[in-house]
Amino acid sequence: MSALRLGDKAPNFQAQTTEGNIDFYEYLGDSWGILFSHPADYTPVCTTELGTVAKYKHEFDKRNTKVLALSVDGLDSHKGWITDINETQNTNVNFPLIADEDKKVSNLYDMIHPNANDTLTVRSVYVIAPDKTIKLIITYPASTGRNFDELLRVIDSLQLTAYHKVATPANWKQGEDVVISPSISNEEAGQLFSKGFKEVKPYLRLTPQP
Ligand code: BEZ
C-alpha cells in the first residue's frame, strides 16, 4: 500500500487495546481523533509522552478529540508499563494503547520506516476529522519526544479552519488574529467577518479570530 496522505480516508481497523478490542471507526464515532505511535514499551521518551497525554486528556476532550496510542508490544507488556507510567509520571493513563504485536496497524499507517529502524515504529501522528479524512500527518524520530502543546494548537487550527473561511498564520494561538482565505473577495470578507479586517496586502488580510 502506498503511503497515506492528507485528505485520504483514514483506513479502518480492529485492534486489541488496553481498554478492550476496538473498531477504530466505532471508537472515533463522530469525534475528531488522534492516533500516534510509540517505538516500544518501557522506553524513557515514550514513558514521558504517554504520561503527558494522560495529563492533557481533558484538553483533547474539550476539543472533542478521541486519543488512541499504539506500540508494537503485547498487552501484558503494555499493562505492566502503564503501571510504571502512572507511578513515574504521577498520572493515570486514561486512553487506550493498541497492542500491535503483528504490526498490522503500524503497516497500515506506514509507521515503520525501515531505514530508521526495521522493527520499531517511528513517532507518527495522525489527526483525523469526523468524516474520517486525514487532516494532519507528522513524523518524529524515536529520539525526539513530541510537543503535545503543538498538537493541541494544530487541532485548534484545524477545527477553526474547517468551519470558517480563514487560515492561521505562523505561531498562531487560540484567540489571535487569523488570515482570510485568498479565495474570499474583499466584498465577501466584509460580509463574513463582522469585526472587520485589515488589508496589509491584497493577499494578506487579517481579521480577529471568528
Ligand atoms: C524512547 O522512548 O525513549 C526511545 C525509544 C526508542 C528509541 C529511542 C528512544
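The values are calculated or read from the model by the stated rules, or taken from the named source; none is laboratory data. Every value quoted in this text rests on a predicted model; they were computed, and no experiment measured them. With ideal geometry, Cβ positions are generated from the backbone for all residues, glycine too; neighbour counts draw on all protein chains shown.
Assorted remarks:
- ASP23 without any contact (Cβ under 8 Å) to a residue 40 or more places away in the chain and more than 16 Å from the ligand (Cβ to nearest atom): yes
- Options ASN21, ASN64; residue that is farther than 19 Å from SER106 by Cα, surrounded by fewer than 17 Cβ atoms within 10 Å (Cβ to Cβ) and either in the same structural domain as VAL122 (by TED's automatic domain parsing) or small (Gly, Ala, Ser) (or both): ASN64
- Residues satisfying the stated conditions in the stretch 46-61, i.e. among the polar types (S, T, N, Q) and away from the ligand (no atom under 13 Å from the Cβ): none
- Condition met for SER194 (touching a residue at least 24 places away in the same chain (Cβ under 8 Å) and loosely packed, with under 12 Cβ neighbours inside 10 Å): no
- Residues considered: ILE112, ILE34. Of these, the only one that is more than 16 Å from the ligand (Cβ to nearest atom) and either within 28 Å of THR161 (Cα to Cα) or free of Cβ contacts under 8 Å to residues at least 60 places away in the same chain (or both) is ILE34.
- Yes/no for THR88 being closer than 24 Å to ASN117 by Cα and within 16 Å of the ligand (Cβ to nearest atom): no
- Note on the stretch 67-105: residues that are surrounded by fewer than 16 Cβ atoms within 10 Å (Cβ to Cβ) and touching a residue at least 40 places away in the same chain (Cβ under 8 Å) amount to 6.
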